[in-house]
Amino acid sequence: MIYFKDGEYLQEEQMNLSMNDRGYVFGDGVYEVIKVYDGVLYTAEEHMERLLESAAKIRLTLPYTLEQLVGIAERLLQENELSVGHIYLQVTRGVAPRVHQFPDHSVSPVLTGYTVENPRPLEQLDKGAAMKSVEDMRWLRCDIKSLNLLGNVLAKQEAVEQGCQEALFVRDGIVREGSASNVFGIKDGILHTHPANNFILNGITRRVVLQLASDLSIPVQEKEFTLAEALAMDEFFFTSTNAEITPVVTIDRQPIGEGIPGPLTRQLQKLFDEQIPALVAA
Ligand code: PLP
């Protein structure tokens, strides 16, 4: 496996990370996960743009352009001959003695990356998943793709311990997003999802789904809804780079609609597959 670190492509043994890296001691950094289908990057520009935005929101200036970031992802996937999987990229505020305030300007951010081979979750895409609602106790800047994921980690663990595949964050009675995904409900033919504000990460897959809904002339409401409203939806699904459009068949063990993936979810899944250039060409 070839890794990327600060301009170099390295073997694992050559990777040298510091104990004083602010990512390690504070989670002071941001990251991205970019999907690769049949050796081709999917929505890479959108992910790199979000990486630059997340960095700017924590006042970290990345010494790379969007094009350079795409080039790094491209080179990594080629070096590792990645077919289906993802690229992980993270940037931290750099290496400095452990004090909370920013280090001075002589300290450069540390950009690292690697690839992960993993197949599409075809069985789950077909059969659907179970969600468990969890109190959202994260901070108020969930729009930043921060390395700090303790709230997400604890929520996911709680869901998994209950035999569920994903957690459903609820804050002030409002359904926000999954532990690593965005959520959508369909009621009477209308697609509902949380507005893209500070309470959720504006997923790249979320944006693709909103475009597909528009292509299918499905009306969309980007408006808050409650857990009770979620349970009363006809269909429900969560989206992410790796989970794509995953139908949700139960929330807190209660069936959604008929308790099977719904027809509009299926239509969106089909259109999603059709717009992945690498899959269409294969
Ligand atoms: N929300 C959270 C908290 C996430 O961690 C993720 C992705 O991991 C998403 C939403 C979905 O984002 P994307 O579709 O860009 O993968």
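Select from segment 214-224 the residues that are more than 15 Å from the ligand (Cβ to nearest atom) and either in contact (Cβ under 8 Å) with a residue 12 or more places away in the chain or in contact with a Leu (Cβ under 9 Å, 6 or more places away or on another chain) (or both) and list them in ascending order.
Hits for segment 214-224 are D215, L216, I218, P219, V220, Q221, K223, E224.
Could you check segment 235-246 and list, in sequence order, the residues that are within 16 Å of the ligand (Cβ to nearest atom), touching a helix residue (DSSP H, G or I) at 6+ places or on another chain (Cβ under 8 Å) and assigned to a strand (DSSP E or B)?
Matches in segment 235-246: F236, F237, T239, S240, E244, I245, T246.
Would segment 116-137 turn up any residue that is away from the ligand (no atom under 15 Å from the Cβ) and within 30 Å of Q14 (Cα to Cα)?
So far as segment 116-137 goes, yes, one or more of its residues are away from the ligand (no atom under 15 Å from the Cβ) and within 30 Å of Q14 (Cα to Cα).
Restricting attention to segment 49-102, which residues are free of Cβ contacts under 8 Å to residues at least 24 places away in the same chain and within 22 Å of L140 (Cβ to Cβ)?
Scanning segment 49-102 gives L52, E53, A56, Q101.
Looking only at segment 166-193, count every residue that is crowded, with 21+ Cβ neighbours inside 10 Å and within 15 Å of the chain's Cα centre (by Cα) and tell me the total.
Final tally of qualifying residues: 11.
Got a number for residues in segment 110-135 being in contact (Cβ under 8 Å) with a residue 60 or more places away in the chain and of a type outside the set (S, T, Y)?
15
Within 13 Å of the ligand (Cβ to nearest atom) and modelled with pLDDT of 95 or more: is that true of D143 in this structure?
So D143 fits the description; yes.
Search segment 20-32 for residues that are in contact (Cβ under 8 Å) with a residue 24 or more places away in the chain and among the acidic types (D, E) and pair each with any residue that is in a strand (DSSP E or B) and surrounded by fewer than 24 Cβ atoms within 10 Å (Cβ to Cβ) when their beta-carbon atoms are under 8 Å apart and the residues are at least 6 apart or on different chains.
Close Cβ pairs satisfying both conditions: D21/V95; D21/V110; E32/Y88; E32/L89; E32/Q90.
For I186, which of the numbered conditions (1) within 12 Å of the ligand (Cβ to nearest atom); (2) in contact with a His (Cβ under 8 Å, 6 or more places away or on another chain); (3) among the β-branched types (V, I, T) fails to hold?
Result: I186 passes all but (1).
Given (1) of a type outside the set (S, T, N, Q); (2) in the same structural domain as D6 (by TED's automatic domain parsing); (3) without any contact (Cβ under 8 Å) to a residue 40 or more places away in the chain; (4) within 14 Å of the ligand (Cβ to nearest atom), identify the lone condition not met by A155.
It fails just one condition, (2).
Condition check ((1) surrounded by fewer than 20 Cβ atoms within 10 Å (Cβ to Cβ); (2) within 16 Å of the ligand (Cβ to nearest atom); (3) assigned to a strand (DSSP E or B)) across all residues:
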site: N197; (1), (2), (3): yes, yes, no
site: N202; (1), (2), (3): yes, yes, no
site: Q211; (1), (2), (3): yes, yes, no
site: A228; (1), (2), (3): yes, no, no
site: M233; (1), (2), (3): no, no, no
site: V249; (1), (2), (3): no, no, yes
site: I260; (1), (2), (3): yes, no, no
site: R266; (1), (2), (3): yes, no, no
site: L279; (1), (2), (3): yes, no, no
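The values are calculated or read from the model by the stated rules, or taken from the named source; none is laboratory data. Note that the coordinates shown come from a computational prediction; the quantities given were computed from them, not determined experimentally. Cβ coordinates were reconstructed from backbone atoms using ideal geometry, including for glycine residues, and neighbour counts include every protein chain displayed.
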